[in-house]
1. If the cut-off is 22 Å between C-alpha atoms, which lysines fall inside it for LYS46, apart from same-chain ones fewer than 8 positions away?
2. Please give the charge dipole size of the chain, origin at the Cα centre, charges +1 on K and R Cβ atoms and -1 on D and E Cβ atoms. Round to the nearest 20 debye.
3. What whole-number value in Å² describes the accessible area per residue of region 160-290 for a 1.4 Å probe?
4. Within the chain, what whole-number % of the accessible surface is contributed by carbon and sulfur, with the 1.4 Å probe and all protein chains included in the calculation?
5. If I ignore ligands, DNA and RNA and count only protein heavy atoms, how much of TRP203 is accessible to a 1.4 Å probe, in Å² to the nearest 10?
6. Of all the Cα-Cα pairs you can form in the chain, what percent are over 36 Å apart?
7. Which cross-chain or sequence-distant (5 or more) residues have an amide H under 5 Å from the amide H of LEU30, H modelled 1.01 Å from N in plane?
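The values are calculated or read from the model by the stated rules, or taken from the named source; none is laboratory data. On a predicted model such as this, the values are computed, not experimentally measured, just so you know. Glycine also receives a Cβ, built like all others from the backbone with ideal geometry; neighbour counts cover every protein chain displayed. Ligands, DNA and RNA are excluded from the accessible area calculation, which covers all protein heavy atoms including side chains. Shrake-Rupley method; radii C 1.70, N 1.55, O 1.52, S 1.80 Å.
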Amino acid sequence: MRGLMKTARGPGNLELREIDEPTPKKDEVLIEVAAAGICGTDIHIKHDQTFYTPPVVLGHEWSGTIVEVGPDVTEVGVGDVAVSPATAYCGKCYQCKTGHMNRCTSANKRILGTSLANGAFAKYITVPEYIIHKVPSSVSLEEAALAEPTACVVHSVIDKSPILPGDVVVVQGPGTMGLLAAQVAKAMGAGKVIVTGVSADQWRFDIAKKIGIDITLDVQVDPNPIKTIMDETDGRGADVVIEASGACIACNQALEFVKVAGHVTLLGIRGRPLDIDLDAMAIKELTMSGTWGTLPSSWVTTLRLMASKKIDVAPLITHRISLDRWEEGFELMEQQKAIKVLFTEFN
Ligand SMILES: [Zn+2]
Ligand SMILES: [Zn+2]
């Protein structure tokens, strides 16, 4: 089979390579990948801007069908549709013992598509049974490929953001994470969700409307975005602001948009130090949360939200292509012309 492999350190070094089909170890399953999404992390790996251990096949956002199981596998079987987090945790270290498996400190951690485990930009992958989640039949294979980013958002927004029914929530950045966060906030009962972005995001705003977002705000066109948010919140500010754009100006605006004693959620990483005045944190008595990856429970919640149609990820899938056109897929992501690009053919 062929896999899209990061062959060595450094920028580039990404190529479609012929590799052996994997065989499952006794506690693993063999998955035939149905769909695999290109993530910002894959772009960072391409440009040598993040952690990875080459040579490795990329791809950690996937769905697929189990086609073979190792002898010790007990809870899933051939024909089951499955998804999993990228990271296999050890269960033995301090972080795992205290419930933070997403921050497992084991040195030999297997991270699908990043380190010590070939990822889903290939026809087959092997995954340990204990990190697998079975996908309900009402969720399509393509939708399930968005379970990974959705689970990250669920951990960030449901586990860490104090959103109450009726709250006004501002989500900055209408990319995959922002549009998922907006839907999760709605599912938690937010009364009004406002998605902010820039003028180039106009087509993303259209998708936001499609998934039921009340208000979109172009902060480049609006002469006074802070006033607009105040007008939408009876002059008080948003109860919760979710920063999903990664832009410096958005981080500063988050502290202005949020109400006294409100909450700012940082979704994802900025990737660089920001010039930001944190005094607002003190003066407005704010709280702020960050998250990294997912917990096992994030996946259970994600699949329930998808199965019950409380969130709809289908409109976020803007492109479906075959793996041999990977360069086109990466280009769409890098030029910000796509929300989610899925590889759906691997031959
Ligand atoms: Zn990802
Ligand atoms: Zn651990």
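1. By straight Cα distance, LYS46 reaches LYS6, LYS109, LYS123, LYS337, LYS340.
2. Rounded to the nearest 20 debye, it is 540 debye.
3. Values: 5750 Å² over 131 residues.
Ligands and nucleic acids excluded, the figure is 44 Å² per residue.
4. Details: 7720 of 15130 Å².
Carbon plus sulfur share of accessible area: 51 percent.
5. 80 Å²
6. On the way: 11822 of 60031 pairs.
Every Cα pair in the chain considered, those over 36 Å come to 20 percent.
7. Amide H to amide H, under 5 Å and 5 or more residues apart or across chains, LEU30 pairs with VAL67, GLU68, VAL69, GLY70.
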